[in-house]
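Data block below; observations after.
Any read-out appearing in this document is the output of simple, stated calculations on the displayed coordinates, not a laboratory observation. Keep in mind that what you see is a predicted model, and the values were worked out from it rather than measured. Neighbour counts are summed over all protein chains in view; Cβ atoms, including those assigned to glycine, are modelled from backbone coordinates with ideal geometry.
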């Protein structure tokens with residue numbers, strides 16, 4: 001089954017309170033799974049990578065999804081270009097996350113592509129990432 005996933009990471013303050021959002025759609029465009037998670041204090045770029053890793057680990061551990069092709073759409077141009085090999089990964093923290101992504105993809109039984117999309121086309125994942133931060137901040141009041 002071909003899956004399309006939209007991922008986003010957000011950090012308020014960069015670094016600051018951070019969250020991730022993931023929307024997974026089936027071949028007909030129907031949403032089959034979402035993730036909204038607060039991930040602590042970190043940078044926007046680390047949040048973006050965390051969203052991608054969370055997605056890849058979810059698909060790997062899923063007993064019901066039979067993924068044959070995964071298309072990831074992200075508004076993080078940096079991450080998409082690093083994963084595609086257009087940009088080098090210079091930051092030490094991002095390098096570790098990049099290596100984790102590459103390891104997960106190396107053992108993945110599906111074809112993988114990642115595409116940069118405008119933020120306006122990533123509104124569902126963006127909303128989930130920001131809701132995760134909002135929920136955390138409300139719980140701290």
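Let a ≥ b ≥ c be the square roots of the eigenvalues of the Cα gyration tensor of the chain; is it rounded (a/c under 1.5), or, if not, prolate (a/b larger than b/c) or oblate?
On the way: a/c = 1.69, a/b = 1.21, b/c = 1.40.
Judged from the Cα gyration tensor, the chain comes out oblate (a/c at least 1.5, b/c at or above a/b).
According to the square roots a ≥ b ≥ c of the eigenvalues of the Cα gyration tensor, what is the shape class of region 71-141, taking rounded for a/c under 1.5, prolate for a/b larger than b/c otherwise, and oblate for the remainder?
Details: a/c = 1.94, a/b = 1.61, b/c = 1.20.
Judged from the Cα gyration tensor, region 71-141 comes out prolate (a/c at least 1.5, a/b above b/c).
Rank the residues 3, 52, 94, 103 as a footprinting-exposure proxy: fewest other Cβ atoms within 10 Å of their Cβ go first. Provide the component values of the computation, followed by the final result.
Values: 3 21, 52 28, 94 18, 103 12.
Result, fewest neighbours first: 103, 94, 3, 52.
So what is the 222 nm mean residue ellipticity for the chain from helices alone, if each DSSP H run of at least 4 adds -39500 (n - 2.57) and you divide by all residues, rounding to the nearest 500 deg cm²/dmol?
Numbers: 4 runs with 57 residues, N = 141.
After summing the helix terms and dividing by residue count, I get -13000 deg cm²/dmol.
By how many nm would the segment from residue 141 to residue 1 grow when fully extended, if each residue of separation counts as 0.36 nm and the alpha-carbon distance is taken off? Could the numbers behind the result be given before it?
On the way: separation 140, 0.36 × 140 = 50.40 nm, distance 4.34 nm.
Gain on stretching residue 141 to residue 1: 46.1 nm.
Give me the orientation-averaged projected area of the Cα convex hull of region 41-97, in nm², one decimal. Kindly include the intermediate steps, with their values, before the conclusion.
Details: hull surface 19.0 nm².
Mean shadow area of the hull around the Cα atoms is 4.7 nm².
When 141, 81 are ordered from fewest to most other Cβ atoms inside 10 Å of their Cβ, what list results? Walk me through the numbers on the way to the answer.
Values: 141 4, 81 15.
Going from least to most buried by this count: 141, 81.
Indicate the gyration tensor shape class of region 1-68 (rounded, prolate or oblate), computed on the Cα atoms with a ≥ b ≥ c the square roots of the eigenvalues: a/c under 1.5 is rounded; otherwise a/b larger than b/c is prolate and the rest oblate. Could the numbers behind the result be given before it?
On the way: a/c = 2.99, a/b = 2.30, b/c = 1.30.
It is prolate, given that a/c is not under 1.5 and a/b is the larger ratio.
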